[in-house]
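Report on the structure given below.
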Amino acid sequence: MATVQVSEAEKVYILHGIRDDLRVDGRGCEDYRHMEVETDVVSNTDGSAKVTLGHTAVLVGIKAEIGKPRPMVANEGYLEFFVDCSANATPEFEGRGGEELGTELSNTLYKVFNNQHSLDLKSLCISPGEHCWVLYVDVLLLQCDGNLYDAISVAIKAALFNTKIPRVHISSDEEGGKEIELSDDPYDCMRLDVENVPCIVTLCKIGHRHVVDATLQEKACSVASLIISVTHKGIITCSRKVGRGSLDPESICEMIETGKRVGKALHPPLMKLLQQEESLGKKRQKVGFLG
């Protein structure tokens, strides 16, 4: 992951500020940076979204393809994740520098989103045991300034909201086999219910306190972080500790409660924004991911 060098004097300044609930950029410990969300930014996908969180920028594109259900869950579709760490985001990602981070992010996203609690995977089934929709979720990191997990999760939720899957009609041929026909009407499509799709909240332990949406400078002062995914009801669907340092049980409980509170408050304004943007239709002004 992208890192920055912070001097001892800067660390002391950051630690003292967080202790008094006043961070370097003026935020409180539970405040996010300015966030911008835009959907339908990539034309050759079934759903897409771009999220900018401070100076962190993430682009997500979703492509729906017909595949075969997995043997253990023959009546469900599934999601596949691929994270590409662009060398433009930070020089550390040049060559194969971002592969390890990309794999780590993909594995975490799979645990968070590819389950029945987050998304109705049964709605992606076309014919049990034979055909289902597979959603290929491609994540591109455009800029990196800390808090990748949170930005990516918001972008994925926005892209899933924007995803339009063609209606499928199954008919039988003369030999008794099944034929799949996709609707040619662009308005005859299926939309996903993203109400239960969680958002990830990353809490960084800095000194004796913890902060939400840490910058790279704050991350350099952190000993460990707790990543939790929270639904709109405040239910935790996944949690993971990252970093080399340790967390005591009391700190973990406090961080979980903070994460639930912050995560629950994140969903209503996000859904309101997505619905408002969609209601504008073709009237809305598009910025695009190069804007």
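With +1 assigned to the C-beta of every Lys and Arg and -1 to the C-beta of every Asp and Glu, and no other charges, what is the dipole magnitude of the stretch 93-247 about the Cα centre in debye, to the nearest 20?
On the way: 15 positive and 21 negative charges, 264 e Å.
I would put it at about 1260 debye.
222 nm [θ] for the chain, helices only, -39500 (n - 2.57) per DSSP H run of 4+, per residue, to 500? Don't skip to the end; give the middle numbers.
Values: 5 runs with 79 residues, N = 291.
It lands at -9000 deg cm²/dmol.
When only C-alpha pairs under 8 Å and at least 6 residues apart count, what is the relative contact order of the chain, in percent? Can you show the working numbers first?
Numbers: 590 pairs, mean separation 58.1, N = 291.
Once divided by the residue count of the chain, the mean separation gives 20 percent.
Can you give the FRET efficiency for C253 and V12, using 1/(1 + (r/R0)^6), R0 = 41 Å, r = Cβ-Cβ distance, to the nearest 0.05? It would help to have the intermediate numbers written out before the result.
On the way: r = 28 Å, r/R0 = 0.67.
Given R0 = 41 Å and the Cβ-Cβ separation, E is 0.90.
So what is the relative contact order of the stretch 140-291, in percent, for Cα pairs below 8 Å that sit 6 or more residues apart? Can you show the working numbers first?
Values: 207 pairs, mean separation 28.2, N = 152.
For the stretch 140-291, the relative contact order is 19 percent.
Calculate the dipole size of the chain relative to its Cα centre from +1 charges on Lys and Arg beta carbons and -1 charges on Asp and Glu beta carbons; express the result in debye to the nearest 20.
Values: 32 positive and 43 negative charges, 173 e Å.
Dipole size: approximately 820 debye.
As a quick test, which of the pairs K219/K264; K241/K272; K111/K264; K11/K50; K111/K205; K122/K241 have an alpha carbon distance above 25 angstrom in this structure?
Values: K219/K264 23 Å; K241/K272 31 Å; K111/K264 19 Å; K11/K50 32 Å; K111/K205 23 Å; K122/K241 30 Å.
From K219/K264; K241/K272; K111/K264; K11/K50; K111/K205; K122/K241, over 25 Å: K241/K272; K11/K50; K122/K241.
Based on DSSP, what percent of beta bridges with both residues in the chain are antiparallel, to the nearest 5? Let's see the in-between values first.
Details: 50 of 58 bridges.
Once the DSSP bridges in the chain are tallied, antiparallel ones form about 85 percent.
How high is the relative contact order of the stretch 92-191? Use alpha-carbon pairs under 8 Å, at least six apart in sequence, and give a whole percent.
Details: 59 pairs, mean separation 15.8, N = 100.
Reported relative contact order: 16 percent.
What's the extension gain from N75 to N115 if we count 0.36 nm per residue and subtract their Cα-Cα distance? Spell out each step's value before the answer.
Values: separation 40, 0.36 × 40 = 14.40 nm, distance 1.31 nm.
Difference between extended and current length: 13.1 nm.
Can you tell which of E80, E65, E218 shows the greatest fluctuation in a Gaussian network model of the chain with Cα springs below 10 Å?
E65
Please check: in the Gaussian network model of the chain (C-alpha springs, under 10 Å), which one of E94, E76, E195 has the largest mean-square fluctuation.
Highest fluctuation among the options: E94.
D138: net charge of surrounding residues, Cβ under 10 Å, Lys/Arg +1, Asp/Glu -1, itself excluded? Intermediate results must be reported in sequence, preceding the final value.
Values: positive: K63; negative: E80, D84.
Here the count lands on -1.
Of H232, G207, S43, whose Cα points farthest to the positive end of the dipole of the stretch 27-280 (charges on the beta-carbon: +1 Lys, Arg; -1 Asp, Glu; origin at the Cα centre)?
Of the listed residues, the answer is G207.
Over the alpha-carbon set of the chain, divide Rg by the Kirkwood Rh and report the Rg/Rh ratio to two decimals. Present the calculation step by step, with values, prior to reporting the outcome.
Numbers: Rg = 20.6 Å, Rh = 20.3 Å.
Ratio value, two decimals: 1.01.
Among D84, D20, D173, which one moves the most in a GNM of the chain with springs linking Cα atoms closer than 10 Å?
Highest fluctuation of the listed residues: D173.
Straight-line reach only, C-alpha to C-alpha below 18 angstrom: list the aspartates and glutamates that K260 could link to, leaving out same-chain residues fewer than 8 apart.
Those aspartates and glutamates meeting the cut-off are E30, D31, D150, E195, D213, E250.
Run the simple label-point estimate for L280 and I235 please: 7 Å along Cα→C-beta, distance reported in nm.
3.3
Quick note: the coordinates plus some simple rules give every number you see, no bench work behind them. This structure is a prediction, so every number in the text was calculated from the model and none was measured. Cβ atoms come from the backbone with ideal geometry, glycine included; neighbour counts cover every protein chain shown.
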